[in-house]
Amino acid sequence: EKMKSNNIDVKIPKSELEAEEKGAEEERPRESDSNILDVSSDYPRDKHISIQRHLADLEKLADLREDEKKPCPLCPEEKFKACYSHKLHRHLQNLHWKVSVEFEGYRMCICHLSCRPVKPNLVGDQTLSKMGAHYHCIICSATIARRTDMIGHINRHVNKGETESRFITVRAPKSSYEVVKESATDVQVLPNHSTPQKTDSYFNPKMKLNRQLIFCALAVLAGERKPIECLDAFGATGIMGLQWAKHLRSSVKVTINDCNENSVTMIKENCHLNKMKVKLNIKEEDSDETVGNGEENSDTIEVTKMDANVVMHLRSFDFIHLDPFGTSVNYLDSAFRNVRNLGIVSLTSTDISSLYAKAQHVTQRHYGCNIVRTEYYKELAARTVIAAVTR
């Protein structure tokens, strides 16, 4: 032993340390195996043990043997004592499996473990903390007490399109997609396509007039000189760039960009849906979809995955459209630095809370102006954006 500033360093033989580490390694898998699903399952390893595909999988956790008493893996000892296999099998089937909630081949069984403590009850001087029965959500890992509430919770996830994409970083199944048609262009979207905060494929049917006005401006520019390079900096579903390529054909070279991986994948699928070829970014390694030998085709759309400022700084365009979620002032500098002479920059501002004087401090920060609520507040909002663009 060495005494240094009230600290004690104890020397332990190396053989003892190795023996302890070896014993710890042997114990760890036994602890973790009871709290995770099988590695071969489609969902991640951090899902709760109450979520299983088959009743046999739940029985494997109990390790049923005829000659030994085993406890229930989903009940504490004080609630259900260890028993033989035939009684434990009935318990798992009747108490846990029959009242489970099914979702995409999985069963969310009821759990009685100490995962979800109920509010404590004061009895005299003692505090009793009771553990309540609950379900574990396979999507967001929330704990829900009642079965009807659990079914409603799962249905809300499905209605919002949050079945897999947002929480498990896996794209939602294609069966949940909807195909929307606008101006002879088909795009597939998720059920929650109208909520930008909760989806990667935002599509607003009410903005059809906005897309038509932008298309008219591009058509006029394409009539003056051709071919012109145009950029849809925030593609989402790719509806706008697809309309440009489908109707203007060889007059335009369309580039659709988005920084979200799921959106880029959906844009490529929508290109194939409209019988358009996809020219991938040079940095991407999937060469099978790229148009070879450098030849350009009128039915080819270039799809890029990067920040909008980056793609506009890398190359120049004749026509740039900015439609971010919120203000577009963060992208004006790179857009005007790289738009070609006599080109067009179009932008759509959706930050109406600040432009309509509901958040005046945000308007001051984004647009550098003081704004008040007037009877002509919509015109004032348009002038505020134009003034920021002009400056």
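The residues of segment 327-369 that are in a loop (DSSP other than H, G, I, E, B) and surrounded by 15 or more Cβ atoms within 10 Å (Cβ to Cβ), listed by number, are 327, 328, 348, 349, 350, 351, 356, 357, 359. Set side by side, the residues 138, 168, 154 differ, and just one is modelled with pLDDT of 85 or more, surrounded by 16 or more Cβ atoms within 10 Å (Cβ to Cβ) and in a loop (DSSP other than H, G, I, E, B), which is 138.
Hey, any hits in segment 289-305 for a residue that's over 25 Å from residue 227 (Cβ atoms) and at pLDDT 90 or above? Within segment 289-305, not a single residue is over 25 Å from residue 227 (Cβ atoms) and at pLDDT 90 or above. Contact map, segment 69-85: first residue farther than 13 Å from residue 115 by Cβ, second residue open to solvent by 40 Å² or more (accessible area, probe 1.4 Å) and hydroxyl-bearing (Ser, Thr, Tyr), Cβ cut-off under 6 Å, separation 6 or more or different chains; pairs are 69/84.
Residue-wise test of (1) modelled with pLDDT of 85 or more; (2) of a type outside the set (Lys, Arg); (3) exposed (fewer than 14 other Cβ atoms within 10 Å of the Cβ).
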| residue | (1), (2), (3) |
| --- | --- |
| 209 | yes, yes, yes |
| 215 | yes, yes, no |
| 219 | yes, yes, no |
| 225 | yes, no, yes |
| 266 | yes, yes, no |
| 269 | yes, yes, no |
| 274 | yes, yes, no |
| 311 | yes, yes, no |
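Within segment 370-391, being of a type outside the set (D, E, K, R) and surrounded by fewer than 14 Cβ atoms within 10 Å (Cβ to Cβ) holds for 370, 372, 374, 376, 382, 386, 387, 390.
The values are calculated or read from the model by the stated rules, or taken from the named source; none is laboratory data. Small disclaimer: the values here were computed from a predicted structure and weren't measured. Neighbour counts are summed over all protein chains in view; Cβ atoms, including those assigned to glycine, are modelled from backbone coordinates with ideal geometry. Remember, those area values only see protein heavy atoms, side chains included, never the ligands or the DNA or RNA. Shrake-Rupley method; radii C 1.70, N 1.55, O 1.52, S 1.80 Å.
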